[in-house]
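Asks: My questions all concern the structure below.
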Amino acid sequence: MSKKRKRGVLKIILVFITLTLCIAVVGGTYLYDTLSKLSENAELKDHIINNKGSIKEKNREEKIDDSINVLALGVDVGDPTSKKQNDPKRTDTMMLIHYNSAEKLVNVVSIPRDTLIRINKKDAKINAAHAIGGVSYAIDAVEKLLDIKIDYYGKVNYEGFRKIIDSIGGVDMKISRTMNYDDYSQNLHIHFKKGETVHLDGEKAEQFFRWRKNNNGTGLSEGDLGRIENQHLFIEKVVENLKSPKIIPRIPGILMTLPKYCETNMSADEIIKYGYELIIADEVELQTLKGDSQYINGISYFLYDKSLNKEILRELHEERVVKMSGNFDKSAIKIKVLNCTKKTGLAAHFRKQLGQKGYKNISIGNGKASNTTKIQLEGFSNKQINYIKEEFEVKKVEKISDNYGKFDIIVMLGEDYANKKH
């Protein structure tokens, strides 16, 4: 190849590289500027709330490699007859998003909007906190309820919800219940047939998200708790869309939509960092606070029961010492193997098998008669549970409610195990 031709090829390569870098810089600048707009109108820009309810300046450096708690707030339409833009609005949806940086896991915990709390020394539902005192009151209510610290928040109204779902292309959802509801004051009309698969654009997604009952009084027996189950199904579909390559051409539209309808106290850097980590997380687990519904002075409340939420609280506070990166630290897991049959030697044999796989802290004993082998455990994520089922070769798994930390895993060997050839 001649020197002149070589120079020509080099020029073409340099031009290509230069154009690529320019596009990357412009695209990156556009992305950064767009995301920065999300916090411009935030109520608590550059601030977080401590567990005493007072606002303090956010220290960005302390959260770089740490796990985070993000409170996601979906506010309702307020008074449909009011023309005031800043009328107090309740939170129709409240979710705590906990990202565990060590295990690359995301826990999304839905908080029922009828949850009983105290505001200004009076009983109130947690969805009223935002209407009374804005974002700071909503954050303070969740922090006190769960004894945690909220690092960030994100807020969107129903108009924004519709626009965002449209920007990602909507989702396909199979309808499990017939839904027929009309609220003319809010111009809300919900009509879906059981068994059909519907493409939910923004408007239909809002209808699916908000439905609780039909015009004839039938609907979800558990009210808001049943509605949360529907919301979790919908969120799973949204997560699938966001992880699909099909989302790539929609990114510009998403970026144009978010600043118009969302607000957060996250910086652009934090949005990019945590947004990416949330999308590539190994697992997203959806849960709902447990408790009971009760009427107090004629008003129906959801009573949060701390004793029923040990598993959720353990995950939020990351109390487990055992972490999983690929496999477990098997020597740190406390295991109890119970022989629930009349055949002798089963527990000792199972302990030997586990020992060969690297488990060290294993005790054995006898249990109540059982036909089926099962595992009881506590403090593990869904991904870890699936690993344990495969490792132990046991399909049935239950979560322990009153173990008080004595054992991480209890194996109950039943007749089906006794009948196997060992």
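Asks: Kindly provide the set of residues from region 362-392 that are modelled with pLDDT under 85 and either in a strand (DSSP E or B) or crowded, with 17+ Cβ neighbours inside 10 Å (or both), ordered by number.
Replies: If the condition is that a residue be modelled with pLDDT under 85 and either in a strand (DSSP E or B) or crowded, with 17+ Cβ neighbours inside 10 Å (or both), then 378, 379, 380, 381, 384 are the ones that fit.
Asks: Quick one: count up the residues across region 143-168 that are outside any loop (DSSP other than H, G, I, E, B) and either closer than 24 Å to residue 129 by Cβ or without any contact (Cβ under 8 Å) to a residue 24 or more places away in the chain (or both).
Replies: Here the count works out to 15.
Asks: Hey, residue 395 hits all of (1) modelled with pLDDT of 85 or more; (2) surrounded by 15 or more Cβ atoms within 10 Å (Cβ to Cβ) but one; which does it fall short on?
Replies: All conditions pass for residue 395, except number (2).
Asks: Give me the pairs, please: first residue somewhere in region 217-240 and within 22 Å of residue 161 (Cα to Cα), second residue anywhere and part of a helix (DSSP H, G or I) and of a type in the set (A, V, I, L, M, F, W, C), beta-carbon distance under 6 Å, and either six or more positions apart or on two chains.
Replies: Pairs that qualify, where the first residue is within 22 Å of residue 161 (Cα to Cα) and the partner is part of a helix (DSSP H, G or I) and of a type in the set (A, V, I, L, M, F, W, C), are 231/209.
Asks: OK, next. Considering only region 310-327, I want to know if a residue exists there that is modelled with pLDDT of 85 or more, farther than 19 Å from residue 107 by Cα and part of a helix (DSSP H, G or I).
Replies: There is no residue in region 310-327 that is modelled with pLDDT of 85 or more, farther than 19 Å from residue 107 by Cα and part of a helix (DSSP H, G or I).
Asks: How about region 169-268: which strands (runs of 3 or more DSSP E) wholly inside it have at least 1 residues that are of a type outside the set (A, V, I, L, M) and within 28 Å of residue 71 (Cβ to Cβ)?
Replies: Ranges flagged: 179-183, 262-264.
Asks: Also, quick follow-up: Does region 204-215 contain any residue that is assigned by TED's automatic domain parsing to the domain that holds residue 111, surrounded by 15 or more Cβ atoms within 10 Å (Cβ to Cβ) and in contact with an Asp or Glu (Cβ under 8 Å, 6 or more places away or on another chain)?
Replies: yes
Asks: Restricting region 112-130 to residues that are closer than 22 Å to residue 156 by Cα and part of a loop (DSSP other than H, G, I, E, B), which is farthest from the chain's Cα centre (by Cα)?
Replies: Among them, the one singled out is 114.
The values are calculated or read from the model by the stated rules, or taken from the named source; none is laboratory data. None of these values were measured; they are calculated from a predicted model. Quick reminder, even Gly has a Cβ in these numbers, built from the backbone with ideal geometry, and neighbours come from all protein chains shown.
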